[in-house]
Structure formats: structure tokens, C-alpha cells
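Here is the structure we will look at.
The values are calculated or read from the model by the stated rules, or taken from the named source; none is laboratory data. All values derive from a computational prediction rather than experimental measurement. Using ideal geometry, Cβ is built from the backbone for each residue, glycine included, and neighbour counts are taken over all protein chains shown. Areas reflect the complete protein model, heavy atoms only, side chains present, ligands, DNA and RNA absent. Shrake-Rupley method; radii C 1.70, N 1.55, O 1.52, S 1.80 Å.
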Amino acid sequence: EDYKIGLSNGWVGSEWRTQMIEEAQAAAAAWKDKGVNVEVVVQSANVDVPGQIAHVRNFISEGVDAIIINPNSPTAFDPVFAQAKEAGILVIATDAEVSSPDALYVGIDQKAYGAAGAEWLAKTLDGKGNIVAINGVAGHPANELRVAGYKEVLAKHPDIKLVNEVNANWDQAQGQQAMQNLLATYPDINGVLVQDGMAAGAWKSIMDAGKTDQIAATGEIRKDFIDLWTKDKLNSGATVNPPGVMASALNVAVLMLQGKELKEPATAGQYENAMYLDIPFIDSSNLAEAAKQLEGKPGYYSYTDQLSIADAEALFK
Amino acid sequence: MDQTPRSRFSVIDIVKTPLVVAVALIVFLLFLGEYLSPGFASGQQILRLLIVAALMGIVAAGQNLVILGGREGIDLSVGGVVSLAAIIAGNLMAGENSGIVLAIVGCLAAGALVGLINGIGVTLLRIPPLVMTLGMLGVLQGLLVVIRNGIPSGRAAPGLSQFVTQPFLLGLPGIIWLWIVIGICMAFLLGRTMIGYRIYAIGSNEQAAFMAGMPVKTTRILLFVLSGMFAAVAGICLLGYSGSSFANVGEQYMLPSIIAVVFGGTPLSGGKGGYTGTMAGAILLTVLQSILTTINIDESGRQMVFGATLLLLMLFYGRGKALRA
Amino acid sequence: MTTDLVAAQPARGNALKRAVERFPFLPALIILVVLLVLNGLYQPRSVSFIGLTGLIKTYLALMLLAIAQTYVVYAGDIDLSAGAIVSLVNVAIITAMDALGGGTGAVLAGLGIGLLVGLACGIVNGIVVATLRLQAIVATFATSIFFTGLALYVMPVAGTPAPTAFWRTYGGRILDIPFVLYAVIVLAVLLLVLARTKLALRLLSVGDDQQAAFQSGLPVTRIRLQGYALCGLFAALAAFCITGDTASGDPLVGGKMTLNSVAAVVLGGTALAGGFGTVTGSVIGALIIGLIGSLVFFVGTPSEWQNLVQGVAILLALMAGILVGRRASR
Amino acid sequence: MARLAAKAVSKTYGATKALRRGDLEVEAGEVHVLIGSNGSGKSTLCKIVAGSVRPDNGELLFEGHPMVVSGPNAARKIGIGIFYQELSLAPHRTVAENILLSDLPGGVFVDRKALNTKAQRYIDLFKNVTGDNFHAGAIVETLRPDQRQLVEIMKALSSEAPILIFDEPTSALDRAQVDRFFEILRELKDDGRSIVFISHRMDEIFALGDRVTVIRDGETVATKRIAETDAAEVIRLMVGGDETLTAAEPHQPTAVAATAKTVLAVDALSGDGFGNVSFNVAAGEILGLGGLHGQGQSAVLRALFGATPPTSGTVLLNDKALASSSPRATINRGLAYISGDRRRDGVIAGRPILENVTPVHALKQRLSLATPSSLREKAKPALEALRTKFAGFSHPIGSLSGGNQQKIVIARWLIDRPDVLLLDDPTKGIDLQAKTDLFQLIRKLAAEGMAIVLYSSEDAELLGNADRILVFNGGSVTRELTGADRTPFNLYQAAYEAA
Ligand SMILES: Nc1ncnc2c1ncn2[C@@H]1O[C@H](COP(=O)(O)OP(=O)(O)OP(=O)(O)O)[C@@H](O)[C@H]1O
Ligand SMILES: Nc1ncnc2c1ncn2[C@@H]1O[C@H](COP(=O)(O)OP(=O)(O)OP(=O)(O)O)[C@@H](O)[C@H]1O
Ligand SMILES: [Mg+2]
Ligand SMILES: [Mg+2]
């Protein structure tokens, strides 16, 4: 069997994305052992939404069997996915959900991601205290889902007061600056909700301010940070959005191309087309394990997790 | 010689200089910040704001030079150079103090090379600077991806981090001293060297400068090279500030560095202005951004207030000449 | 006084010179044709009818935004808020159509509102740049932040879908011909008409020499303001296309299009200093940007190199356009 | 009652009184000449009348009624058309578009056909004198300076306004063009139009004017009937009490001693705008370049200087080959070049006087640091020699009058003595006083042994100052006038014979 799968990535601004593509490429290669030739063609560039729509159109021209996309917009691809489906192409989105009924989402539940961090923080703070949140890009769906996730949790903890929320655009340096400003104006905060790379920045400000012992803050999953976390015994917990999501999606895609059927149809999420993967969580209890997985990896490498072929097969009839 | 001094520096003239305007606005904003969110204008916080301002200010130094050189000079590639330098530096020092020197040399060379290409495109091929540096920005963004796939992004040496974030001399971090030194060097360069005279001359009247025997093209290339190098220095410092390098760190400096220059009293038309004002402009912009982070409103509100405030502040600066004098 | 003189200049390259003088977009057109041929060589389907329709569908928004940008560049100005206007109009019309129930009437009302919003944004830019005389680059950057904030206020998160009637029409066919082709024809006519207006000529004259235009009795401030207003209107049209192609609202959708629109204008042979250029060139410029992106993929560039190759290709195209244009006009 | 009157109009730029008290009355059917030295405020007065400058005080009357001119557009509506000294053309637009720019035919759309027909009417007025490649569709940028000036004239004429102002419209025109233009002006006058005409050329004023208003130092000092005055009186009024000018001594250039050493030897030089030009200049000699304007004189000078390097030919400077590759290279070898277009080639606007006067010195002395105190000491003698009036070295050059700005630019070349001084129409647009000062200095420099090449668009200047004159035509030297041959008659004849 030969399959051609197109991978589209619309933003190349982070190591996480690079790792995502590398893992997906490795996953495709692994199918060789099963006697399946999976050829991947990749389009990965900084593009705007129209640019990524062009990615999909290019894949249609190229005549791929399936498209796996990390989309720049949840809703913008509806028409073009419909076109892909017309051309008999399987479309799977990963990392961010899409509204198209013609596509499937394989990835984590971003809302649960936000909730997990907040649960951890609430538990760590014993349900009371002042916290601030540093969010990603305002208006970006993944960000808004995460925010909705943590807000839902915080609603259950009335003694935790969210004193301010700012946006630092998933940028480490901006996260650091935002944290610095927040620390100056809210000297009495106990906790911080912050995501991804910005967490490393926020922690840097916390440490610079000498407040490492007084503040609990969510963290991130790159080796650099895990090392720091271990070394300085930070009071942190990190929800994992593994870069392996695209590899997982690819494994699912190949099985679907083989004509297999899911045991449980993918109907989760607000668009009822999602298949959620487990969300690992790192805190002091399993930090050492995570560190071990990352041993020998470069500093930018993220803790990861993916559906192996076997895991994926287990999901199918 | 007929000496008829006509210098009547009235109070109004002094009050209207961009530097004074910027400083007054900074003080005002600090008070406002302290009023809106107590603790904003504490000594520690001001120091930390200055670190952030220094990062932007160093980028703006190069931007300032390119703009002073006239002919619609502008450098949009600084954002890319900052990111590039942070990544090169992180890899060359890889968390070791012993690698700092090599990292600095490597970054400056990379920044200079980018500037050189910009300069050659602008002068020898006569591509408008906006176009040339915009294209270069695209190239650098692509280069970053290639580099990051080949070489993992690295970590700052502890010495560098300390230099940027910890007190170094008289309670001030090294980066602020560095910025002060850059400020003095820029003032010296622009005011007390023939290169400085040349920069203003080509910015003011390129043809006249050429006819007076000034090396117009070389000077302009030099400006772009210096801009690349200043952006590289900022990239190294940014690495020290954030501890590790990561993609696209520099993007946030592209247009703000231009605004800092404008707030410092250097109009985009060139040939006029200086760096001291730009330093104040960088601080002003940083303080403004920080105030907005600390007040508790929606992001949409923050952006609207930020945009409107920028416009309002611009009314103090470089409004174009009236058509009907 | 100068090196001007009587002895006639040698007539070398006179034909090319005159051609480029009349059609400044000629170098861009050549690049476009080359790119089309290369795309076709590497992926024949990309230049099929469907492939080309897809290309136009995808890049119609950028073409329109490049046109919008051209009108301000004509007068020597620039609009760094063009992309933000697209975002704002996009969320505004989606919100309006949604609120009005999503029927045909709602769609039309939404489009009307979109034009008004675009016009209003353009006028704000015009007031800021022409009336208040702030420096265009920084002032429109500031308004872009403001417009983005406004877009986020109107729609805090991407997602609201467009009425089906709207995007089905945009993506569909009428009499078996894709709707976008009608749009292109209407656009071409519109551009032809606009090129014959006094406004276009006056914008170019203002861009040529603002003070001279003023002294000649042209209402310079009003003309520049009209240029920005026209820019706002075309940005709104760009937003319609992007809304048609994406079928949803997204407060950040246009942000990255601004610099592309500037690049497209320059690729098309229009002088950033003002006074010289064509909108046709800008349309071609937008297509060049799109075709470079797909060619990079079709030739099989490894993913990590795609951005770099694309960046270098665009830089080279920018340079080539400027150099060829200048060589010919000498 | 005068058709147009300006009463006590004044205008101040910052600390500068550009116009203190401008009075002007123009009747229907007259050519009213406005004269005054550079910077006396003529253009300012005209621009106020035409609406492009806002007056501080004073009153404008049209047919005796006070009028408010709120801008150039308003002025046109009232019936005032103007030729701007610095032109008001859009370089990338066509001749036709420029002529009718402010009043394009058509409604929302430009009526191309009407545009071309209408523009052609004005172009036809100058039939046969417009020169090559001049037509309705020509792009203004590609035109020669005289042709551009013609476009500006046509543009002013196209206003069909009852009041027409021409602010130095003839400065770039050749004789035939001027003659044609004057015919047109006389016709207009006979039509009852009012014409304000500015020129520094005394002969034109007396050939054309009906009345003359003299403006000095921003103040109107007198209005006279042309028939009742003469050049001497006008000059006296222009310069006020200063007698040195009127008593300007006629200079009799002396032939340079045959033994004088050749400093500059040019052989078969060709370049953009000229071909096969050869000449020698000896130490102490003033070599004049003459002929109709734009025949390659400027081009030769700029090529020698390296501004637009020559394509072939050899140049020897003090017997050694000189590569004219750039001004930087030739300055280092001892050349100096002073352009009459100081705003383009000389003044570094907005910068202090010190920075304007020192660049050549810095180059020759290889200075890398700027030490204002010592630079000031170096610059003082040169500025004093030129009798430059200025308040202080740190003042911006823009705060000086035009003539003094030019002196600063000239002084830049004199701090370190050059061997050869190239003068490219150096007095263009500067007033009599400044001119007199300049030529006195040039003769002094020659006497001290400098070799000087002088191009002037004014024949009188050449005849009065050059030891030898090379007449240019079509880019090459067609005749050499020496000794007693240097007469106006010979000069005109040589200039026209091959044309
Ligand atoms: N661009 C300018 N900006 C400001 N002030 C100016 C400007 N140009 C000239 N001035 C001022 O106007 C004054 C009068 O200038 P004007 O040209 O009338 O002098 P002038 O007596 O004619 O001198 P000269 O004979 O040397 O030209 C100048 O001394 C100068 O201070
Ligand atoms: N826009 C301006 N800003 C400052 N000063 C100005 C301006 N325009 C003119 N001046 C100054 O005002 C004075 C009068 O200038 P104006 O141009 O009216 O002189 P003019 O009589 O036309 O001289 P010319 O014979 O050289 O054309 C000069 O000193 C000039 O430098
Ligand atoms: Mg004067
Ligand atoms: Mg004048």
C-alpha cells in the first residue's frame, strides 16, 4: 500500500512546531515495518490564513490521499476542506480544532488543558489566594479555549481571586516582561497561570524577583525548563500539549485510509468532530520521570507523547 | 565679521524640544502608573523597566542611524537580526561563560553581514530601504527556521544573564551601563566626529554631501552595518534577559524601534535629530506598554488605548510642515 | 545647469523603455508568466482551470488589499493598518450578518456595513496622516493597533461562521462559471474606470510633488484623505473575499497581510515614493507572492528550507522588478 | 482703481522677516515689473497674492474690494494665475496633464480628448521654440530645464486669469524662447490682462515693462514708470544707499603671461552631454565657457569634477593624469567646484554653519574627529574674505539669506586652497552685491595663481571676467575668443552660428 499524506503547518515560530513535524515524519517512516509506504509532503511556513488555504489547495493539486493540518484558524477552512473532501481527500486537523464537518480533529482538548493547570494551581494554593494569568494571543481560539477552561475551574474556587489577566502572545520575552510588571504592581500574588514558552519567561521574572518560594506557577515542557524546575525545585505544574499530536493524527489517518473504522466515532468537542488524546500532566510527583524522557535531548526539546501505531490500532474496529 | 547674535532661546523653545517632551511624558506616565496601580513606580520596578527599555533602545540606536542617513532610511530587518543573534549567541555560548566572547564576535559579524547586504542593496542597487529590509526580514525569518532545525537553540551563559538582570555597578545592571555607554558613544559619533557630520549631511542633502567629497555610499552602507550590529547586541542582551533563545524573539522590536526614534525627535525624513532623544523615546514607549499591562482591562481595550495614546503622543512630534506656510 | 543637453541620447532599448513607461508592470508580468510556467512544469494541475480558480480565490483578498495600498502609495503615503482594517471589517460583517439572522438581506446589509466600516477606517487614517500631518508609517501603525483592538472587542475569539448563503456564493458557480471569475471581471472593469478618474490622476500628482500640487491649486489634504478612504473601501472588499474564502470571522485574520500588500505594490512596479505606478501591477504582485509560495512547495523544497527559499525568492523578485524597471526607464 | 492691490503685506518665518511691508498695485493692461535683490521678498509677496503663503498682516484688494485668499485654489477662482520661480510641476505626469492639472477637463473622469486638445493650444503658442521631444504626451521628468520652464509658463497661461504673475520665468530660457514669450505677454497685455513680471535681467525689464516696483529688504521702496526711469536709478533703489555697486568698475581682463604654467590640460574629453572637448588652463588664468545654455558647459565641468565621470579622454592636472572618478578623488587632487544651484549641490539644509563650511577641509586634512573650536578658527579667514554675515557657527545655515548661504558654500572650498576652481554658473539667482563680491574674490584668487574655469549663463559676466572664452555648441567647443575678440558681438555670433 502507498499513501501520500500532506502535512501543513502555518507557523514556524517555535521549536515545538519543528518537533511536531519531525515526529510526524518519523511516524510515517515507521509504517514501513508494517509494509505500508507513507510518503509525507510538508508545507511549513509563516503564512496567514489565506496562505494556509493555499497550502490545502496545493495539496489538492498534488493529489494527496490525506491532509494533516495544524490550522491557523478554527473556522476559515470550512470551504476548502469541503473541496478536499469532494476530491476524496481525508482531512485531519491537529493541535487546534476546526469547525469543518468534513474534517476530523485528533489532538488534545485545549479547554481541558487550561482546566488542568488551574486544577493544579487551586490544589497547590489550597483553594485560596491571589493569582494572575498570562495568556497567549488574544482572539486566538486555542488561547480562548484554555482561558475558558481555567475560568471554569476558578469559578469553583471562589477564594481564588484572579486579579489581572494579560496577553503576552506566547512569546517568552513578553511573558517575562508581563510577569515583571505584574510582580511590581501586585506584590502579594500567590499564583500564576501561564502557558507554554511564556511560562519559562514568567518564571525567570519570578526568580529574578526572588519570589521563587512564595509563588506557585504553571510551567512548560521544554527540557530547559524541566531542568531548571528540577534544579531550583520550583513549585510548578505543567499541562502537556505534546508535539507528538501530529504523529498521532498521522497514525490515525493511515488507519482510516486503510478503510478501518473507529470503534467510537469522533464526536467530541464543540464541533462534534474531535477525537481527544490524553493530556499528560507533569508536577513534582512525576517530574523525575519526565526529566528522564528528556535526558540527552537538546534544550529546546519538548516532553512528548503520541499514539503509537499499536495504540492507534486499538482505537479501530 | 559682523556678529549679530540672534539666538533667542526662549523657555517655549526649550520646552518644545522632543527630549524635554519625552522626559516630561515619562514622568507623567510614571505618576499615572503609580496612581493606577501602586507599586508601579517603585525603584526596583523602574530599574526593571529600564532593562526592557535598554533592549529596545539598543535596537533603536541602529534604527536611529539609518533614519538619520535620510533617503527614506528605515530598517525593518532589525527584528530578524535580533532573533538571529539571540539564537547564534545561545548556541555559541551554550550556557558557558567561556563562550561569551566567541558569541559576541559571532553575533556582531552576523549582524554586520546582514547590514552589509542591506546597505549594498540600498546604495549600489538603489532598492528603497523599506523594500530591501522588508525582503531581508523575510529571508531572516526563513533562515531562523533552517538554523533551528540544524542547531538546537542554546542557553545564555550565567555571566551574560547576570550582566543583563543583576546589579553590576552602583546598583545598576550591566545592560544599563552598556546602554549609557552606547548613548555616550552615539552622542560622540554624531556630534564630535566627521562621520557624524557626514551622516547628517547625507541625510539632509545627499547631493551636496557628494559634491563636497563625502563618501555617500560607504557612509550609508556603514549605517546599515551599524544597525545590524546594534540589533545583534540587542539580541545577545535579550538572550541574557530571557535565559534561553527561542524563535522570533525580535519581532516585537521591528516597528516599536521606529516609534522610539520618532518619539525621540528624529523625523523619518532624516538629517535631523539625535540619539539622546531616542533613549527617552524608548523609555517612554516601555513605560507606556507596562502601564497597559498592569491595568486590569480587556486586551481589546488595552490595544485601543495603546493605539490611541501613540497617536496622541505623536501630535507632540514631527508633524509635517503645513502646506500653506 | 545640469548635464542636460541638446545632443540626443542614443536610442538604445527605446522600445522596452517606452513599453515600461506605459506599462510599469511589465517586468512583474514577465516574472508572473515565468512563475506560472514553472508551477505548471512542476505540478501541471496547479495551472489547470480549477487550480487557477483556486489561486485567484485564495489571493483575491491580497490582490484587493494590494490595490487598496496602491492608492495611498500613489500619493506617496503608506497604510500599515490595511491588514487590521481587513480583520475589523471581517468581524464586523460576520457579527452583523449573524445578528441579522443570516438571510440574503442580512448578507447584503452586512456587506453595506462592511463598506462603511472600511470607509470609516480609511477616513480615520486620512485624518491622522493628511489632516493632522503625522508621519504615515508610524501613524498607521498606531491606528493598526487601534483597529485590531476594536476587532477584538467586536469578536473576542475567532469562530463565528458566515451565513452559508454568503460563502457558498463566493465559492460556488453561477452558470457553471466560478463566482470569483465574475468578481475578477467586475474588479477589472472597476479598476479601468477608477484609472480614468480625476482622483487617480490627482493622487499621482500629489505623490509626485506634494508642495507643487498644492501650489497648483489642488486640495492636497482632501486628495490624500480620499486616497485613504479609497484604501479603506478596497480593504473592505478584501475583507469580503477573505470572509467568502474562510466563511468565518477572525479578529486576527488580516494582520499578516499588510506587509504582503506593500510587497505586492512594489513588485508591481509602483514607486513607494509616490507619483508613479499602476494598480494592475499590484494585482500581479499579489499573484507573484502566491505563486512563489506554491512553487517552493511544488519543486519539493524540504520543509525547513521553505521559508528561506520563499524569502529569498521574494527579495530577488523585488530587486529584479526595481532593477529592470529602472534600467528600462533610463 | 488698480485691478489688484497688496497693501502693507508682511510675512515672518520664525525670527526672520521675509517681507516687512509689501505694497503693489497692478492695473489692467500693464506689465508690472517687480525687482529687488535676492531674498528681498519678491517671491514671498507673489506667493501671498497667489494664496500659497499665509500673510501675517496686510490687505489684498481686487478691483478695490478687500479679498481673502485662503489658498492657491481660491486665488485661481478670483482670477490669479502664477508661474512659480521654483516651478510647480509633477515630474511623472505628462506635459498636458501638468498644464491643466488644477483644472482638469471632465467631471468625475478625466476627459482625455479635451485635455489634449486644450493643452495643445498652449503648446502651440511656443511652436518651433520648444525644442526636441516636447509634446503633449511627454513626461515632464524627461524634459530639459528650459522645457520645464515652458510647461510652467503654459500652466500659468492656461489659468486664463486676468492677473498673471511670472516669478523669474525666463531664467532657463534661451533667446528665441524669451522672444516668443515676450510676444505672448504683449498680446496678453493688449487683451487687458494684468501681468506681474519678475526678472533679474535689466534688459528684459526695460524691454517689456510698463511700470516697475522696487522692493528692498522686504519693503516696497518705489514704483516708477519704466519710461521715466533708467537702469541706474533702479539699481540705486534696489541697493539703497550703497554706492559701491553702482560704481562697479569695468574689469579689463589681461591676457595671462605666455610663460604661465599649464595647470589643467584637457584632451579629447567626452561624456554625457559633450564630446571631444580639449583645452588648457594656466595658473592665474580665468577661462570662460560660453554659448547658449545647455550646450555642454556644465556637463564638462561636472565631468572634470567627477560628479558624472567622463567616458573618454585624458585630463592632466599639474602634468599628472587625473582620473575624474568621483568628487572625492578630484578634490583630493586639488579641484574645487562651485555650483550655482546651491540648494541642490551646496547647502546642507538644517545643519549648522560650521558643518556646512568644513567638509572639504575635513576631507583634505583627513580629519576623523570634529573639534569645533579649531574648525571655527580654520573657517574664519575664508568667511571673512567673502564678507559673510552670520551670527554664529552653530546657527543653522537656513537662518542666513540666500547670498550668505552661497558664501558659506564657497568658503568651504577656500579653507584649503585648491589648484583649480571650477565655477558652474555660480551667480545664478544671487543678487548684484553678492555677485560683485564673488567676482572680486575670483579675480584675487586668479591673481594669486589659481587656475579658474568659469561658466556663466550671463554673457556680461563672461566678457567682464574671463581672460579667454571657449564658445560651446552642441556639446563641443566651436570657437575660442581671446584678447580683443572678446566682444558681445563675437560671442553672440559664435553661440548662434551653428545652432
Ligand atoms: N529659510 C530661511 N529660514 C529662516 N530665516 C531665513 C531663511 N532665509 C532667510 N532667512 C532670514 O531672512 C533674512 C533676510 O534674508 P535676505 O535674503 O533678504 O537677506 P539679504 O539682505 O538679501 O542678504 P543677501 O544679500 O546676502 O542675500 C536673513 O538674514 C535670514 O536671517
Ligand atoms: N519658507 C520659508 N521659510 C523661511 N524663510 C523663507 C521661506 N521662504 C522665503 N524665506 C526667506 O524670506 C526671504 C525672502 O524670500 P523670497 O523668496 O521672497 O525672496 P526673492 O525676492 O524672491 O529672492 P530671489 O530673487 O532669490 O528669488 C529670504 O530671506 C528667504 O530666505
Ligand atoms: Mg539675499
Ligand atoms: Mg524669488
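Brief remarks follow.
- Test result for residue C:242, closer than 27 Å to residue A:44 by Cβ and open to solvent by 10 Å² or more (accessible area, probe 1.4 Å): no
- Scanning region C:147-178 for residues that are free of Cβ contacts under 8 Å to residues at least 24 places away in the same chain and either assigned to a helix (DSSP H, G or I) or away from every other protein chain (no Cβ under 12 Å) (or both) turns up C:149, C:153, C:168, C:173, C:174, C:175, C:176, C:177.
- One residue stands out among those in region D:208-233 that are among the aliphatic types (A, V, I, L, M) and open to solvent by 30 Å² or more (accessible area, probe 1.4 Å): the one that is nearest to the chain's Cα centre (by Cα), which is D:231.
- Residue-level check: of (1) surrounded by 22 or more Cβ atoms within 10 Å (Cβ to Cβ); (2) at the interface with chain C (Cβ under 10 Å from one of its Cβ atoms); (3) over 20 Å from residue C:157 (Cα atoms), residue B:291 misses just (2).
- Qualifying residue in region D:36-52 (condition: more than 16 Å from ligand 2 (Cβ to nearest atom), in the same structural domain as residue D:191 (by TED's automatic domain parsing) and charged (D, E, K, R)): no
- Figure legend. Inter-residue proximity from region A:41-56: first residues more than 7 Å from every other protein chain (Cβ to nearest Cβ), second residues among the acidic types (Asp, Glu) and part of a helix (DSSP H, G or I), beta-carbon distance below 9 Å, spacing 6+ or different chains. Indicated pairs: A:41/A:62.
- Residue that is farthest from ligand 4 (Cβ to nearest atom), among those in region D:142-180 that are within 23 Å of residue D:101 (Cα to Cα) and free of Cβ contacts under 8 Å to residues at least 40 places away in the same chain: D:142
- Answer from B:203, B:271 - the residue that is open to solvent by less than 20 Å² (accessible area, probe 1.4 Å), part of a loop (DSSP other than H, G, I, E, B) and within 14 Å of chain D (Cβ to nearest Cβ): B:271
- Filter result for residue D:408 (within 16 Å of ligand 2 (Cβ to nearest atom), away from chain C (no Cβ under 14 Å) and more than 15 Å from the chain's Cα centre (by Cα)): yes
- Given (1) closer than 30 Å to residue D:170 by Cβ; (2) open to solvent by 10 Å² or more (accessible area, probe 1.4 Å), index of the condition residue D:348 fails: (2)
- Scope region A:151-166; condition buried (at least 19 other Cβ atoms within 10 Å of the Cβ) and not charged (D, E, K, R); matching residues: A:153, A:154, A:157, A:160, A:164, A:166
- Checked against the criterion of being more than 14 Å from chain C (Cβ to nearest Cβ) and either within 16 Å of ligand 4 (Cβ to nearest atom) or of a type in the set (Val, Ile, Thr) (or both), region D:122-135 contains one or more residues that satisfy it.
- Tally, over region D:385-405, of residues that are of a type outside the set (Phe, Trp, Tyr), away from ligand 1 (no atom under 13 Å from the Cβ) and more than 9 Å from chain B (Cβ to nearest Cβ): 1
- Number of the condition not met by residue A:172 [criteria: (1) within 29 Å of residue B:246 (Cα to Cα); (2) open to solvent by 10 Å² or more (accessible area, probe 1.4 Å); (3) at pLDDT below 90]: (2)
- Set C:132, C:108, C:88, C:100: member being within 13 Å of chain B (Cβ to nearest Cβ) and free of Cβ contacts under 8 Å to residues at least 40 places away in the same chain: C:132
- Per-region count, region D:342-384, residues facing chain B (nearest Cβ under 9 Å), touching a residue at least 12 places away in the same chain (Cβ under 8 Å), assigned to a loop (DSSP other than H, G, I, E, B) and not aliphatic (A, V, I, L, M): 4
- When residue D:23 is tested against (1) more than 16 Å from ligand 4 (Cβ to nearest atom); (2) touching a helix residue (DSSP H, G or I) at 6+ places or on another chain (Cβ under 6 Å), only condition (2) is not met.
- Residues of region C:11-54 that turn out to be in contact with a Lys or Arg (Cβ under 7 Å, 6 or more places away or on another chain) and of a type in the set (Ser, Thr, Tyr), as a count: 0
- Put simply, of C:254, C:290 the only residue that is open to solvent by less than 20 Å² (accessible area, probe 1.4 Å), at negative phi, more than 14 Å from chain B (Cβ to nearest Cβ) and not in a helix (DSSP H, G or I) is C:254.
- Filter result for residue A:173 (within 22 Å of the chain's Cα centre (by Cα) and either without any contact (Cβ under 8 Å) to a residue 40 or more places away in the chain or facing chain B (nearest Cβ under 7 Å) (or both)): yes
- Residue A:119 vs. criteria within 15 Å of residue A:70 (Cβ to Cβ) and open to solvent by 10 Å² or more (accessible area, probe 1.4 Å): no
- Condition met for residue A:304 (within 22 Å of residue A:246 (Cβ to Cβ) and open to solvent by less than 50 Å² (accessible area, probe 1.4 Å)): yes
- Odd one out for residue C:275 among (1) over 21 Å from residue C:117 (Cα atoms); (2) open to solvent by 10 Å² or more (accessible area, probe 1.4 Å); (3) more than 14 Å from chain A (Cβ to nearest Cβ): (2)
- Within the set D:37, D:43, the sole residue that is within 14 Å of another protein chain (Cβ to nearest Cβ), of a type in the set (Ser, Thr, Tyr) and within 16 Å of ligand 3 (Cβ to nearest atom) turns out to be D:43.
- So residue D:432, is it open to solvent by 10 Å² or more (accessible area, probe 1.4 Å), over 23 Å from residue D:40 (Cα atoms) and within 15 Å of ligand 1 (Cβ to nearest atom): no
- Of all the numbered requirements in (1) among the hydrophobic types (A, V, I, L, M, F, W, C); (2) touching a residue at least 12 places away in the same chain (Cβ under 8 Å); (3) over 15 Å from residue C:238 (Cα atoms); (4) open to solvent by 10 Å² or more (accessible area, probe 1.4 Å), residue C:75 misses one, and that requirement is (4).
- Note on region D:435-465: residues that are outside any helix (DSSP H, G or I) and either open to solvent by less than 30 Å² (accessible area, probe 1.4 Å) or at pLDDT 85 or above (or both) amount to 9.
- Among the residues making up region D:402-431, those that are away from ligand 3 (no atom under 16 Å from the Cβ) and under 18 Å from residue D:289 (Cα atoms) are D:420, D:421, D:422, D:423, D:424, D:425.
- Once region D:411-434 is narrowed to residues that are assigned to a strand (DSSP E or B) and over 25 Å from residue D:238 (Cβ atoms), the residue that is farthest from ligand 2 (Cβ to nearest atom) is D:420.
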